[in-house]
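Every number in this text was worked out from the coordinates using simple rules, so none of it is lab data. The model shown is predicted, which means the values in this text are computed figures rather than measured ones. Here Cβ is always computed from backbone atoms with ideal geometry, including for glycine, and neighbour counts include all displayed protein chains.
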Amino acid sequence: MQHGVVVGAHGRHFVVESPDGARRLCHRRGKKVDCVVGDRVAWQLTGDEGVIESVDPRRNLLFRQDRWRSKSFAANLDQLLFLVAVEPMYSESQLARALIAARTAGIDAQIVLNKVDLPSVDAARARLAPYARMGVTVREVSLKRQADAARAGLAPLLEHRTTLLLGPSGMGKSTLINLMVPSAAAQVGEISSALNTGRHTTTTTTWYCLDDERRGALIDSPGFQEYGLHHVRPEQLAGLMPDLAPHAGHCRFYNCTHRQEPGCGVRTALAAGEIAASRYRIYEELHAELSAVRW
Ligand SMILES: Nc1nc2c(ncn2[C@@H]2O[C@H](COP(=O)(O)OP(=O)(O)O)[C@@H](O)[C@H]2O)c(=O)[nH]1
Ligand SMILES: [Mg+2]
Ligand SMILES: [Zn+2]
């Protein structure tokens, strides 16, 4: 039996990397063996392909879930970085959802604000102010214009850690990966050729090694627009939003939804300006979505 890390996943095909860096196509021994990128697995060679026999216990598992299906992102993460930019405009709801998902999974999350060289940087900072206020670290970078400074700032954060990078398209995700992982294109190539997709596919969650000792990794997971939180119960939601949580204990009704009840601590804090209007709107939107009849 050999050991390795799942570094690519595409449907029922998995790419497993051995400690020496070799990457091999593997399948699972039966459907019961469920694995995602980041999993440590035991596998053995059968012909020229590998068979994953078992998956080591996970430290954590991040997944998104919509009404129809649940989809795992990745396992055994040290942190999540959510990349946004001064321009183009991004959906704050997607950012909030990712932070809630990380909190649910017990994974540390930070925000990286890119393109701070652009003139509308102040508006972008103001938009993120509620996040900084609630204790989320917001790092500013200019991945393209101040590449060396960005690399120097991000390197210690990524070193020896497994980091999931999320962010809507156009924010600079590819720029960040190419800056931090000089061999990124080659690594994608190895995964593609192991998967035999014949092209440099980016439709799959991909693991990039950050150093030769294979101690740090950056994981890129596309398609996150479908980010659903249907594994969160509506009554859990306020507790997962650090700016709402302290006020949710001050409601007249113990089962207050913070949407229309009198004597609501959350809405009192909103009226007093202690909770940002954008954050409360996101709460309402998510609460309605999570309360909708399930299929
Ligand atoms: N002004 C500015 N543009 C940037 C910066 N970083 C990336 N971009 C540009 O933003 C666009 C999107 O970047 P890309 O890495 O492809 O984003 P992705 O869609 O998230 O992978 C590209 O045209 C980049 O050149 C930056 O620091 N400043
Ligand atoms: Mg890209
Ligand atoms: Zn309330």
For region 261-271, Karplus-derived ³J(HN,Hα) couplings (6.51, -1.76, 1.60; θ = phi - 60°; whole Hz; x for glycine and proline) come out as 5, x, x, 8, x, 5, 6, 5, 5, 5, 5
The chain, Gaussian network, Cα under 10 Å: of Ile275, Ile111, Ile219, the residue fluctuating most is Ile275
Partners for Lys115 among aspartates and glutamates (Cα-Cα distance below 12 Å; same-chain residues under 8 apart left out): Glu87, Glu140
How big is region 1-117 along each principal axis, measuring the range of its Cα positions in Å and listing the largest first? 52, 34, 22
What one gets for region 109-150 as the Kirkwood radius, inverse of mean 1/r over different Cα pairs in Å, is 10.7
Between region 1-61 and region 82-98, what is the C-alpha centre distance in whole Å? 32
Once both labels are modelled 7 Å past Cα along the beta-carbon direction, what's the Arg233-Asp34 spacing in nm? 1.9
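Residues with beta-carbon under 13 Å from that of His13, excluding His13: net charge, scoring Lys, Arg +1 and Asp, Glu -1? Please list the in-between numbers first.
On the way: positive: Arg12, Arg23, Arg24, Arg28; negative: Glu49.
Overall, the nearby charge balance is +3.
Under the 0.36 nm per residue contour assumption, what length would be gained going from the current alpha-carbon distance of Leu45 and Glu274 to full extension?
Working: separation 229, 0.36 × 229 = 82.44 nm, distance 5.85 nm.
Net length gain for the segment: 76.6 nm.
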Label the chain by shape, choosing from rounded, prolate and oblate, from the square roots a ≥ b ≥ c of the eigenvalues of the Cα gyration tensor; if a/c is under 1.5 it is rounded, and otherwise prolate applies when a/b is larger than b/c, oblate when it is not. oblate
What percent antiparallel are the DSSP beta bridges of the chain, to the nearest 5? 55
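Under the classification rounded if a/c is under 1.5, otherwise prolate if a/b is larger than b/c and oblate if not, where does region 105-233 fall, given a ≥ b ≥ c as square roots of the Cα gyration tensor eigenvalues?
Working: a/c = 1.71, a/b = 1.35, b/c = 1.26.
Since a/c reaches 1.5 and a/b is larger than b/c, the shape of region 105-233 is classed as prolate.
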With each pseudo-label sitting 7 Å past Cα toward Cβ, what's the His160-Tyr254 distance in nm, one decimal? 4.7
Amide H to amide H under 5 Å from Met134: which residues, 5+ apart in sequence or cross-chain, H placed 1.01 Å off N in plane? none
Simple label model, 7 Å out from Cα along Cβ direction - Asp56 to His3, nm: 0.5
Amide hydrogen neighbours beyond the local backbone of Gly216, cut-off 5 Å, H modeled: His160, Leu210, Asp211
